[in-house]
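Here's the structure we're looking at; comments come further down.
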Amino acid sequence: MKKAILLLTLLIFLIPASYSQEKPSSADEIMQEAMKIAKEEKKDIFLMFHASWCGWCKRMDAAMKDESCKDFFDNNFVTIHMVVKESAANKHLENPGADEFLAKYNGDKAGIPFWLIFDKNGKLIADSFMTPGDLRSNIGCPAQDEEIAAFISKLKLAAKMSQDEENSILERFKQNRN
């Protein structure tokens, strides 16, 4: 009887807590908000698809937020994330519609991180593929010289980049090799 009362007490407290967890924003909501901010701040949008388990996603975030190149990304992009490809236990973290948005740009078979660069109106400027149309050539989090060079060339499609900024991005992303 004591076990039943304990179980009932736990359920009384756990069920409302599970309902009170905030549902992640939808892919459409994330893009609409990013476009609003990008228009106000005259920036482009850098969208990264990621998951909580993804080590390379964490490396990408760390590199973009590193003091050596943070200003470049902050000054030129509204950086947003969409959660996809979570484990069964973390499916609740995924943004509704993000899988479909990823598939729309052929990233569903490319692995993560997968990123896209849009202008302030939501028009695609660049994607994460090193070779256009080759679904196996996702740059992801660049670490090798040719990946970093391709990443920089794609960033340059959206933003002016000084030689110092280019060198900083090159050197910081080389650290992802470790």
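No lab work stands behind these numbers, since they all come straight from the coordinates. Bear in mind the structure is a predicted one, so any value in this text is a computation, not a measurement. With ideal geometry, Cβ positions are generated from the backbone for all residues, glycine too; neighbour counts draw on all protein chains shown.
How are the Cα pair distances of the chain distributed, in percent, across 5 Å bins from 0?
1, 8, 15, 19, 18, 14, 8, 4, 4, 3, 3, 2, 1, 0, 0
For the stretch 62-156, just the Cα atoms, rotate onto the principal axes and tell me the three extents in Å, largest first.
36, 29, 29
How large is the charge dipole for the stretch 70-141, taken about the Cα centre, if only the Cβ atoms of Lys, Arg (+1) and Asp, Glu (-1) carry charge, to the nearest 20 debye?
For this selection, approximately 80 debye.
Can you compute the charge dipole magnitude of the chain about its Cα centre, using +1 on each Lys and Arg Cβ and -1 on each Asp and Glu Cβ, nothing else charged? Give it in debye, rounded to the nearest 20.
580
Report relative contact order for the chain in percent, whole number only (criteria: Cα-Cα under 8 Å, sequence separation at least 6).
Relative contact order of the chain: 24 percent.
What does the charge count around Ala27 come to, taking other residues whose C-beta lies under 9 Å from its C-beta (Lys +1, Arg +1, Asp -1, Glu -1)?
Within the 9 Å Cβ shell, the charges total -4.
Averaging the inverse of every distinct alpha carbon separation and then flipping it gives the Kirkwood radius. What is it for the stretch 34-94, in angstrom units?
12.7
Across the stretch 64-81, in residue order, what do the Karplus-derived ³J(HN,Hα) couplings come to in whole Hz, using 6.51 cos²θ - 1.76 cosθ + 1.60 with θ = phi - 60° and x for Gly and Pro?
5, 8, 5, 3, 5, 9, 4, 4, 4, 5, 5, 7, 10, 9, 8, 8, 10, 10
Please give every one of the aspartates and glutamates within straight-line cross-link reach of Lys91, meaning a C-alpha to C-alpha distance under 14 Å, and leave out same-chain neighbours fewer than 8 residues apart.
Hits, sequence-local ones excluded: Glu22, Asp99.
Mind ordering 65-72, 101-108 by average Cβ neighbours within 10 Å, highest first?
Most protected by this proxy first, the peptides run 101-108, 65-72.
Calculate, in nm to one decimal, what Glu41 and Asp66 gain on full extension: separation in residues at 0.36 nm each, minus their alpha carbon distance.
6.8 nm
Among the lysines, which fall within straight-line cross-link reach of Lys174, defined as a Cα-Cα distance under 28 Å, with same-chain neighbours fewer than 8 residues apart omitted?
Partners within reach: Lys43, Lys58, Lys65, Lys70, Lys85, Lys109, Lys154, Lys156, Lys160.
For Ile125, which sequence-distant residues (separation of 5 or more, or a different chain) have an amide H within less than 5 Å of its own amide H, given hydrogens modelled in the peptide plane?
Hits under the 5 Å cutoff: Ile117, Phe118, Asp119.
So which cysteines in the chain don't have a second cysteine's C-beta under 4.7 Å from them?
Cys69, Cys141
Obtain the nm distance between the two label points defined at Ser162 and Ser87 by a simple spin-label model: each point lies 7 Å from its Cα along the Cα-to-C-beta direction.
So the two model labels end up 4.4 nm from each other.
Under a 5 Å amide H to amide H cut-off, with H placed in plane at 1.01 Å, what residues pair with His81 once short-range neighbours are removed?
Here the answer is Met48, since their amide H atoms fall under 5 Å of that of His81.
Quick query: amide H of Asn138 versus all other amide H atoms, modeled in the peptide plane; which residues come in under 5 Å with a sequence gap of 5 or more or a different chain?
Amide H to amide H, under 5 Å and 5 or more residues apart or across chains, Asn138 pairs with Met130.
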